[in-house]
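Here's the structure we're looking at; comments come further down.
Readers should treat all values here as calculations from the given coordinates under stated rules, not as data from a laboratory. Note that the structure is predicted; figures quoted are calculated from it, not measured. Methodologically, a virtual Cβ is constructed for each residue, glycine included, from the backbone with ideal geometry; neighbour enumeration extends over all protein chains shown.
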Amino acid sequence: MGLPITFLALLTLGWEMMARHLANPLVPDVAEVGAELVDIFVSGVFFSHMTITLGRVTLGFLVAFAVSLALGIVMGRNRYARQFFEPAILIGLTVPGLVWALLCVIWFGISLTTSTLAVALSLSPPLALSIAQGIKTVNADLQEITAVYRLSILSRLRFLLLPTLTPFLLNGIRIGLSMGWKVIVLVEIFGLSSGVGYRLNAEYSAMNVAGVLAWTIGFAGVMALLEYGVIGGIERYVTRWRRVATV
Amino acid sequence: MDHITNRAIIPHIDLKGGGLTVAGVSKTYEAKGDATEVLRDISFKVGEKEIVGVVGRSGCGKSTLLKLIAGLDRDYVGHIGLDDNEVTGPGIERGVVFQEPRLFPWLTVEQNVAISIHETKIPEHEKRELVTSNLALVGLTGFEKKFPHQISGGMAQRAALARALTSQPRILLLDEPFAALDALTKMQLQDEVIRIWERRRMSIVLITHDIDEAIHLCDRIIVMSPRPGEIKSVTEVDIPRPRPRVGSGSTAIRARLMSDLGLF
């Protein structure tokens, strides 16, 4: 805990020294950025826009999760399905999130479809790939047990597939979310009139560098909280059987 | 030893009546145009409450045979039936224990045991009672909440046995269930199986390569010869239970089995 804080403190210190040295309005000092941060937090603007952005990412993520779980399982199980869908995954991995964002704004305008689709399109390929790889690690012996006791498809998903896929899913979610944030901010910059991306664009247009920095810091803070708090918490919970065993 | 007289002991295959019937079962694996005959014309019957052992060298198809009876592989010729019902797939009236415990590492012992009745349409509290009583039966009371990694190999195999017993099977299919255990744990679990069998009185098919284990546990021992897997002999074990681990009663049977297995 101490080392990350030391790094952040040094970063702040370095920034302050640089700002004082340059004395340029385009490089605001720590106090200015801090004031802007306090302002957007106290007024509640940050939370209202952050909630909107979070909602959009979550929706896109849920769509991506459902699609890639189905796609990943089919691809992991069936050679022909894998060969058939492989180009789609490759294209999906190569196309930059920026392009998805642009295309979705062009085709679907200012709508929920735009943000959902743009996030889902950039999240699905890495997630599906991760799940397809995970499916290959399903234990054949345990699969036989699910056959012996005639477990239903749903029970097999619950008792065998999902637990096996957990590390792959968490990995895919991590990669996916970090990509999802970037895409949603772009979509909001291009075509939406709310959300963190929209606010970033507004501060940018007003040449308010302290505002841009304050929104970025707040945004990064929430992301870190999600990553270490929520996803880390889920990970600790779903892998407790392993954690207990290694202690 | 005279194998012809042994063969005469093969019971008349009557398709009616309780127990397990295996009649004229043959199986051929085909891979890349090469056909390998693994089982040839296997016929035997396991009566109700009877323990039948299948002994043979590795590669004689004994585990394949068990898979067919379990309904895990339906690609064979012949007939397999349990209590007048044709075996067409897996079913919880046939409990299976493999050489490995095959417990789900992310489920606790009791959750693992409950798997076998997960799809059974009975009230939750009855399921819990079944799990609790069967865990007690195999001596795992107090370990319900443990994960598989926290218990020993012998205990894990007990849990696997409890899982098979919880669905209250008509027949227990054991595929070298003690082969991976140390000698002491093995003997302990063998006696445990007999104790449980005396209380439940279900039929048991025991696949093993351990002659002493077969003699200690079984009413009848089928010796299989490899390539293709065929029944070489059937030997009745008429030693009264409880059977002593050491004693002269088993020597003759042991000698006959060893000769049937081609060991001397």
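Observations
- For region A:137-247, the relative contact order comes to 17 percent (Cα pairs under 8 Å, sequence separation of at least 6).
- Helix B:124-137 and the longest principal axis of the C-alpha atoms of chain B enclose an angle of approximately 60°.
- A simple spin-label model places the labels of A:S43 and B:K32 7.3 nm from each other, with each point 7 Å out along Cα-to-Cβ.
- Beyond 19 Å in Cα-Cα separation lie the following of the pairs A:K136/A:K182; B:K45/B:K232; B:K67/B:K127; B:K62/B:K232: A:K136/A:K182; B:K67/B:K127.
- The distance from the alpha carbon centre of region A:50-103 to that of region B:67-120 is 37 Å, rounded to a whole number.
- 0 to 90° range, to nearest 10: angle between helix B:183-200 axis and chain B longest Cα axis: 80 degrees
- Each peptide in A:80-89, A:188-197 receives the mean, over its residues, of other Cβ atoms within 10 Å, and ordering these scores from highest gives A:188-197, A:80-89.
- All Cα-Cα separations within region A:155-247 were binned at 5 Å from zero, giving a P(r) of 3, 12, 16, 17, 14, 11, 9, 8, 6, 4, 2, 0, each value a whole percent of the pairs.
- Length-normalised contact order for region A:90-132 - Cα pairs under 8 Å, 6+ apart - percent: 49 percent
- Cross-link reach list, aspartates and glutamates versus B:K145, counting only Cα pairs under 17 Å and skipping chain neighbours closer than eight places: B:E110, B:E129
- Remark: relative contact order (chain A) = 25 percent; criterion is Cα-Cα distance under 8 angstrom and separation of 6 or more residues.
- Exercise: per-residue mean of other protein chain Cβ atoms within 10 Å, A:138-144: 3
- FRET efficiency, A:N208 to A:I153 (Cβ-Cβ, R0 60 Å, nearest 0.05): 0.65
- Long-range tail of P(r) for region B:51-159 (Cα pairs > 21 Å, %): 49 percent
- Local electrostatic count at B:G61 - Lys and Arg +1, Asp and Glu -1, tallied over other residues with Cβ under 14 Å: 0
- DSSP beta bridges in chain B [antiparallel fraction, %, rounded to 5]: 50 percent
- Averaged over peptide B:107-120, the number of partner chain Cβ atoms lying within 10 Å of each residue's Cβ comes to 3.
- For B:99-106, mean number of other protein chain Cβ atoms within 10 Å: 5
- Degrees separating the helix A:112-135 axis from the principal Cα axis of chain A, which is the longest one: 50 degrees
- Quick note on chain B: its Rg to Rh ratio, both from C-alpha atoms and Rh being the Kirkwood radius, is 0.97.
- FRET efficiency, A:A140 to A:I91 (Cβ-Cβ, R0 45 Å, nearest 0.05): 0.90
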